[in-house]
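See structure below.
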Amino acid sequence: MREIFTEIFENQPLDPREASRRGARPQLRKRFYERAHAGDKTGEGIPLLLDGKQAKTPLPRPLAAPSQALAEELAGEWNAQAELIDPGRMPLTRLANAVIDAVADAPRPVTEEVANYLGSDLLCYRAEAPAGLIELQARHWDPVLAWARDALGARFVLAQGVMHVAQPKQAVDAARGGIPADPWRLGAVSMITTLTGSGLLALALNAGALDADAAWVAAHVDEDWQVSQWGRDEAVLERRAYRRAEFDAAVAVLRLA
């Protein structure tokens with residue numbers, strides 16, 4: 001079984017379109033199980049079972065979730081696979097693998113990465129024009145900054161344009177206190193931070209101060225403004241849909257872990 005899981009999930013491009021750009025096709029393995037389901041709780045958590053056998057991560061370690069609900073979500077992802085197992089359509093499993101095989105062993109670098117984003121957070125960089133974009137940024141971003149100020153004691157400064165502006169150390173340190181220590185939540189926060197370009201949006205989601213749709217819209221204010229001005233780019237929208245699936249998997253972890 002170890003070779004099967006390693007073959008499925010190791011060295012696979014996360015995005016099939018990336019494989020296409022590299023001139024390579026993902027090597028997908030045929031589905032080798034009839035049914036995936038959550039098992040009885042063990043020392044590792046609630047295991048994912050494939051035809052009654054323990055599923056493994058690439059390391060390999062037991063693929064197990066911290067809650068029954070999250071284990072059932074994982075099982076649903078595996079049951080949704082058709083004739084071939086496509087890791088590109090399994091964002092929750094990929095995140096679970098990363099948490100179990102990497103984040104749990106070395107949380108500090110993950111925490112540092114989120115903290116680095118806080119030092120140059122998307123929400124702090126505002127357009128100089130046009131007025132419509134300035135208003136949209138304020139509408140979607142100011143409430144999150146106000147939450148960080150009131151809930152975390154983190155007062156970030158705003159900048160116009162894209163030139164880097166150093167944030168007060170006190171603000172970054174205060175916001176850093178909102179980064180979760182639990183490896184599952186930390187992995188999810190890291191994923192959301194990377195996808196949105198904002199540690200503050202990730203922390204607000206983790207704290208329940210923002211819902212998923214509001215966070216996603218806030219992360220794409222600039223992009224949506226460009227679409228409204230210049231029209232749709234189907235390739236961009238396809239990539240965005242893929243990223244939304246990854247985002248939703250991370251949100252599921254925050255909701256169910």
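The values are calculated or read from the model by the stated rules, or taken from the named source; none is laboratory data. Owing to the predicted nature of the structure, the values given are computational and were not obtained by experimental measurement. So basically every Cβ, Gly included, is an ideal-geometry build from the backbone, and we count neighbours across all protein chains shown. For accessibility, only protein heavy atoms count, side chains too; no ligands or nucleic acids. Shrake-Rupley method; radii C 1.70, N 1.55, O 1.52, S 1.80 Å.
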Which residue is nearest to residue 78 (Cα to Cα), if the candidates are limited to segment 1-54 and must be β-branched (Val, Ile, Thr) and modelled with pLDDT of 95 or more? 46
Residues being open to solvent by 30 Å² or more (accessible area, probe 1.4 Å) and farther than 26 Å from residue 28 by Cβ: count how many of those fall in segment 83-110. 6
For segment 32-54, how many residues are closer than 22 Å to residue 246 by Cα and either of a type in the set (Ser, Thr, Tyr) or open to solvent by 60 Å² or more (accessible area, probe 1.4 Å) (or both)? 0
Taking segment 229-257 as the search range and keeping residues that are charged (D, E, K, R) and free of Cβ contacts under 8 Å to residues at least 12 places away in the same chain, which one is nearest to residue 204 (Cα to Cα)? 255
For residue 48, are the conditions met, namely being more than 20 Å from residue 251 (Cβ to Cβ) and not in a helix (DSSP H, G or I)? no
Here the qualifying pairs (Cβ atoms under 7 Å; residues six or more apart or on different chains; first in segment 189-211 and farther than 20 Å from residue 222 by Cβ; second in a loop (DSSP other than H, G, I, E, B) and open to solvent by less than 40 Å² (accessible area, probe 1.4 Å)) come out as 189/179; 189/180; 203/178; 203/179; 206/180; 207/178
Condition first: outside any helix (DSSP H, G or I) and either basic (Lys, Arg) or surrounded by 15 or more Cβ atoms within 10 Å (Cβ to Cβ) (or both). Now tell me which residues in segment 115-140 satisfy that. 119, 120, 121, 125, 126, 127
Pairs please, first residue from segment 55-82 and open to solvent by 60 Å² or more (accessible area, probe 1.4 Å), second anywhere and acidic (Asp, Glu), Cβ atoms under 7 Å, 6+ apart in sequence or on different chains. 59/101; 61/101
List the helices (runs of 4 or more DSSP H) that sit entirely inside segment 141-257 and contain at least 3 residues that are buried (at least 18 other Cβ atoms within 10 Å of the Cβ). 169-176, 183-196, 199-206, 212-219, 234-256
